[in-house]
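Have a look at the structure below before the remarks.
The values are calculated or read from the model by the stated rules, or taken from the named source; none is laboratory data. Keep in mind the model is a prediction, meaning the values are calculated, not measured. Ideal geometry is used to build each Cβ from the backbone, glycine not excepted, and the neighbour counts take in all protein chains shown. With ligands, DNA and RNA removed, areas are computed over all heavy atoms of the protein, side chains included. Shrake-Rupley method; radii C 1.70, N 1.55, O 1.52, S 1.80 Å.
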Amino acid sequence: MIRDLFVFLQGTATDAGALDAAAAFAKAHDSHVAALSVVHTPVPFATEWGITGAGLDQAGYDLLRKLAEDTAQAARDRLAAAGVPHEVRVVDSPLAWPEEVAALHGRYADLCVFGGPLADDRTARFAVGFDALLMHSGRPVLLVPEKVKPMVPPRRVVLAWQPRREASRALHDALPWLPRDARVDVVVVDPEPTALGHGEAPGADIARHLARHGCHAQVAVVERGVRSTGEAILDHARECVADLLVMGGFSHSRWREQVFGGVTRTVLQGARLPVLFSH
């Protein structure tokens, strides 16, 4: 059951889609939406002489605070217009990265909703925020690409299946809000039948599990060909006009540099439908 939804506001055009998606889920599940706007103050850094401030003066802080407040007010107006129970928080983060604060707030929700990357964004801000929610909130993340409106509830679902814990976690995070008669394509890309992997019939076991939950599940064995695995999954989702893609998310963080696994990165950049990621 979804009772609490969390939206980490990025201060970009994609916030609107994330808020609209959260509002749609809130109406369908009688839920509450909490949104967070963080003041992006520079984090102090350590030197051989101790902790050093980043040199932000009062005028600089006031500007950053105003940007966060403006982002929060736009979210309040949008959620109020949608008519759903909500709260929008504005938080300072003088001693932590904003994304770390967001991951903390996300732990008190059933589902995190995050706007997708902007087409012309050349910064790492989106990747850092998505990584924080996926890897550190402990909650599933619904990615809503720019100008995409989710179908609530989703009727046609694609499950990108691998016999790994992340994919199983994603599926079972999605099950509580899938309708009983949902059509689910269990997509396996160039599967190799192995005893400790897909087994003799790749995708068959998880399809039977879905059927016991009332879903109309079918296995789709997809040949990758010259495409990447992520491209093959997205192509299948587009061809069957899926409402939702469900998959495990993978990431490896090194300091503040975010390095996503190949499939995750391809889907993040190319998805034109909502994607539920879990780790």
Can you tell me which of Gln162, Gln58, Gln73 moves the most in a GNM of the chain? Springs connect C-alpha atoms under 10 Å apart. Gln58
Calculate the spin-label point distance for Ala13 paired with His172, positioning each point 7 Å from the Cα along the beta-carbon direction, and give it in nanometres. 4.0
Semi-axes, largest first, in whole Å: what does sqrt of 5 times each Cα gyration tensor eigenvalue give for the chain? 35, 22, 15
Neighbour-limited loop hits for trypsin sites (Lys or Arg not before Pro), the stretch 175-245 (at most 10 other Cβ within 10 Å; DSSP other than H, G, I, E, B): Arg180
For Gln269 and Met151, compute 0.36 nm times the residue count separating them, minus their Cα-Cα distance, and round to one decimal in nm. 40.4 nm
Cross-link partners among lysines for Lys27, C-alpha distance below 17 Å, same-chain residues fewer than 8 apart left out? Lys149
Calculate the radius of gyration of the Cα atoms of the stretch 102-142 to one decimal place, then report Dmax, the largest Cα-Cα distance, as a whole number, both in Å. 10.5, 32
Residue-wise HN-Hα coupling along the stretch 11-16, computed from phi with Karplus coefficients 6.51, -1.76, 1.60 (Hz; x: Gly, Pro): x, 10, 5, 6, 4, 4
Given DSSP loops and a limit of at most 12 other Cβ atoms within 10 Å, what is the longest stretch of the chain that contains no such GluC sites (Glu not before Pro)? 49-199
Computed for the chain: size of charge dipole around the Cα centre, +1 on C-beta of each Lys and Arg, -1 on C-beta of each Asp and Glu, debye to nearest 20, value 560
Stretch Arg180-Lys66 to full length: gain in nm at 0.36 nm per residue minus the Cα-Cα span? 36.5 nm
Cα long-axis angle, helix 58-82 against the chain (0 to 90 degrees, to the nearest 10): 40
Over the chain, relative contact order from alpha-carbon pairs under 8 Å, at least 6 apart, %: 20
Using a 1.4 Å probe on the protein heavy atoms, what percent of the accessible area of the chain belongs to carbon and sulfur? 54
Return the sequence-ordered ³J(HN,Hα) values of the stretch 212-224 in whole Hz as given by the Karplus equation 6.51 cos²θ - 1.76 cosθ + 1.60 applied to θ = phi - 60°, using x for Gly and Pro. 5, 8, x, 7, 8, 9, 9, 8, 10, 8, 10, 8, 6
Please compute the length gained on full extension between Gln58 and Asp235, using 0.36 nm multiplied by the number of residues separating them and subtracting their Cα-Cα distance. 58.7 nm
Looking at the chain, what % of its DSSP beta bridges pair antiparallel, to the nearest 5? 20
Global geometry of the stretch 182-255, whether rounded, prolate or oblate, following the gyration tensor of its Cα atoms and the 1.5 cut on a/c: rounded
Per 10 Å bin from zero, what fraction in whole % of the C-alpha pairs of the stretch 106-214 is there, up to the bin with the longest pair? 12, 36, 34, 16, 1
Which residues' amide hydrogens lie under 5 Å from the amide hydrogen of Val184, considering only partners 5 or more residues apart or on another chain, with H built in the peptide plane? Val157, His216, Ala217, Gln218
Most mobile listed residue (Ala81, Ala182, Ala103) in the chain, GNM with C-alpha springs under 10 Å: Ala81
To the nearest 0.05, what FRET efficiency results for Leu118 and Ala201 with a Förster distance of 25 Å applied to their C-beta separation? 0.05
With at most 13 neighbouring Cβ atoms within 10 Å, loop chymotrypsin sites (Phe, Trp or Tyr not before Pro) (DSSP) excluded, longest segment of the chain: 109-254
